[in-house]
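I have placed the structure first, in the form of structure tokens, so that the comments after it can refer back to it.
The values are calculated or read from the model by the stated rules, or taken from the named source; none is laboratory data. Remember, predicted model here, so these are calculated numbers, not experimental data. Cβ sites come from the backbone with ideal geometry, for glycine too, and all protein chains shown count toward neighbours. Areas reflect the complete protein model, heavy atoms only, side chains present, ligands, DNA and RNA absent. Shrake-Rupley method; radii C 1.70, N 1.55, O 1.52, S 1.80 Å.
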Amino acid sequence: MVILPKARKILNKLGENIKLARLRRKFSSQQIAERANISRPTLSAIEKGKPTVSIGSYLLVLQVLGLEKDFLLLAKDDELGRKLQDARIFTKKRAPKGKDENV
């Protein structure tokens, strides 16, 4: 899996935010891991913004922290998609079939 630097920064920031939320609530990593039903190494990977952790695990931790509604904000403001829709520019579901040159 190739994660571009911009996406890597976003994941790192998400991990930092999750860790800060945990620390503000004075929860140990063990407490969060147990309540989210994940391992401590998985929680550590989440707090480091590792891309190999499932999105479901991120959601479980946010739920334990009481921040699951923040998850609904992801991709909420699809400005480009709305502009394309308004312009009635649709993408085809599949590429056109190529013509057989031997016929």
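Couple of notes before you dig in:
- Restricting attention to the range 18-41, the residues that are assigned to a loop (DSSP other than H, G, I, E, B), open to solvent by less than 90 Å² (accessible area, probe 1.4 Å) and within 15 Å of GLY66 (Cα to Cα) add up to 1.
- Within the range 38-88, being of a type in the set (Gly, Ala, Ser), within 16 Å of LEU14 (Cβ to Cβ) and out of contact with any Lys or Arg (no Cβ under 9 Å at 6 or more places or on another chain) holds for ALA45, SER54, GLY56, SER57, ALA75.
- Extreme residue, modelled with the lowest pLDDT, among residues of the range 65-77 that are surrounded by 10 or more Cβ atoms within 10 Å (Cβ to Cβ) and either in a helix (DSSP H, G or I) or in contact with a Leu (Cβ under 9 Å, 6 or more places away or on another chain) (or both): PHE71
- Qualifying residue in the range 32-48 (condition: in contact with a Ser or Thr (Cβ under 6 Å, 6 or more places away or on another chain) and among the basic types (Lys, Arg)): yes
- Pairs are defined by a Cβ separation below 6 Å, a sequence spacing of at least 6 or placement on different chains, a first member in the range 1-30 that is of a type outside the set (Phe, Trp, Tyr), and a second member that is in a loop (DSSP other than H, G, I, E, B); the pairs so defined are ILE3/PRO51; LEU11/GLY49; LEU11/PRO51; ASN12/GLY49; LEU14/GLY49; GLY15/LYS48; GLY15/GLY49; ALA21/LEU65.
- The lone exception for LYS50 - which of (1) outside any helix (DSSP H, G or I); (2) open to solvent by 100 Å² or more (accessible area, probe 1.4 Å) it fails: (2)
Results for (1) assigned to a helix (DSSP H, G or I); (2) under 13 Å from the mean Cα position of the chain (by Cα); (3) at pLDDT below 95, shown as yes or no for each residue.
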site: GLU16; (1), (2), (3): yes, no, no
site: LEU43; (1), (2), (3): yes, no, no
site: LEU60; (1), (2), (3): yes, yes, no
site: GLN63; (1), (2), (3): yes, no, no
site: ARG88; (1), (2), (3): no, no, yes
site: ASP100; (1), (2), (3): no, no, yes
